[in-house]
1. Kindly state which helices (runs of 4 or more DSSP H) lie completely within the range 151-262 and contain at least 1 residues that are modelled with pLDDT of 90 or more.
2. Condition first: at pLDDT below 85, small (Gly, Ala, Ser) and open to solvent by 60 Å² or more (accessible area, probe 1.4 Å). Can you find one or more residues in the range 106-117 that meet it?
3. Against the condition open to solvent by 20 Å² or more (accessible area, probe 1.4 Å), in contact (Cβ under 8 Å) with a residue 12 or more places away in the chain and not in a helix (DSSP H, G or I), how does Glu15 come out, does it pass?
4. Let me spell it out: the conditions are (1) β-branched (Val, Ile, Thr); (2) without any contact (Cβ under 8 Å) to a residue 40 or more places away in the chain; (3) part of a helix (DSSP H, G or I); (4) open to solvent by less than 60 Å² (accessible area, probe 1.4 Å), and Val9 meets all of them except one. Which number is the exception?
5. Select from the range 48-84 the residues that are crowded, with 17+ Cβ neighbours inside 10 Å, under 23 Å from Arg7 (Cα atoms) and polar (S, T, N, Q) and list them in ascending order.
6. Are there any pairs with C-beta distances below 9 angstrom linking a residue in the range 74-91 that is within 20 Å of Lys53 (Cβ to Cβ) and part of a helix (DSSP H, G or I) to a residue that is of a type in the set (Gly, Ala, Ser) and at pLDDT 90 or above, with the two at least 6 apart or on different chains, and if so which?
7. Confirm whether Asp62 is acidic (Asp, Glu) and closer than 23 Å to Met182 by Cα.
8. Name the one entry in Asp153, Asp163 that is of a type in the set (Asp, Glu) and surrounded by fewer than 14 Cβ atoms within 10 Å (Cβ to Cβ).
Amino acid sequence: MSGYARRGVHGQTVEAIAHRVLGGTIPEGATLDLTALQAELGVSLTALRESLKVLAAKGMIDARQRRGTFIRPRADWNLLDADVLRWQLQSSDGATTEAASGASGHGGPPLLRDLDEVRGIVEPAAVRLAAERRTDADLATLDAALDAMREADDGAPEAVEADLAFHRALLAASHNELLERMEMVIATGLAARDRLVHGPGHHPEDPVPSHSAVLDAVREQDPDAAETAMRVLLTQAAQDLAELRRLAEDGARGRAPGSAGA
């Protein structure tokens, strides 16, 4: 869960500082000039200090006598925190730039690639357990999420939420508490990916059949088929993101997608 309310002065201050840290504007090891930062952000010193406490709880900031308030090394940050993941995807030039450049090996930390690799490790194993342990209640939740995917318009917020609900339900159906907690990581990456892939001008393959195949295997309590179906689903997801990167790279070169030399 988030450790702060995103709206209001407090939330805006947390977000503003976090984006500067994640984007590299305020580098690791830098000591913060609180007076200058307060004036720049137009907030009270109390509001600034409360916002810094949020980032300190996430391992990003610390304060010491004689040194002051400073940015901790990236190795100390709680990179699995949902807010930190979200900030990374939004930092610098935004998630679209990262998908187009960083994930292709041309830019900053390829977070979307890392998240895809985590999904490739976690979800096939989780779905095997789901096939063995699912209950009728689990199946009902998965059916409801899949129905919501069918009914939602491509790219609509409802489609993104339905996709997240399906994958959360799969992790829950594993009945492994630690795997269920991976929902925070997977959901953050999946939401960012869905917003990119299903955005304006992009027409990915219909995700319902691949999700339906996973659910069918879970329903039949066939772990091998469930794992195979999940790997097919993840391959499709990777192909959709690769196509998005290609389109973004074409646009960055100043030529129409699909033109000669693509």
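1. So the answer is 157-173, 177-181, 208-219, 223-252.
2. No: zero hits.
3. So Glu15 fails the test.
4. That leaves (4) as the condition not met.
5. Ser51
6. Asp76/Gly59; Asp83/Ala18; Val84/Ala18; Val84/Gly59; Trp87/Ala18
7. no
8. Every option except Asp153 fails the conditions.
The values are calculated or read from the model by the stated rules, or taken from the named source; none is laboratory data. Predicted model, so just to flag it, every value in this text is computed and none were measured. Positions of Cβ are generated from backbone atoms using ideal geometry, with glycine treated the same way; all protein chains shown enter the neighbour counts. For the accessible areas, the whole protein counts, side chains as well, though only heavy atoms, and no ligand, DNA or RNA atoms are used. Shrake-Rupley method; radii C 1.70, N 1.55, O 1.52, S 1.80 Å.
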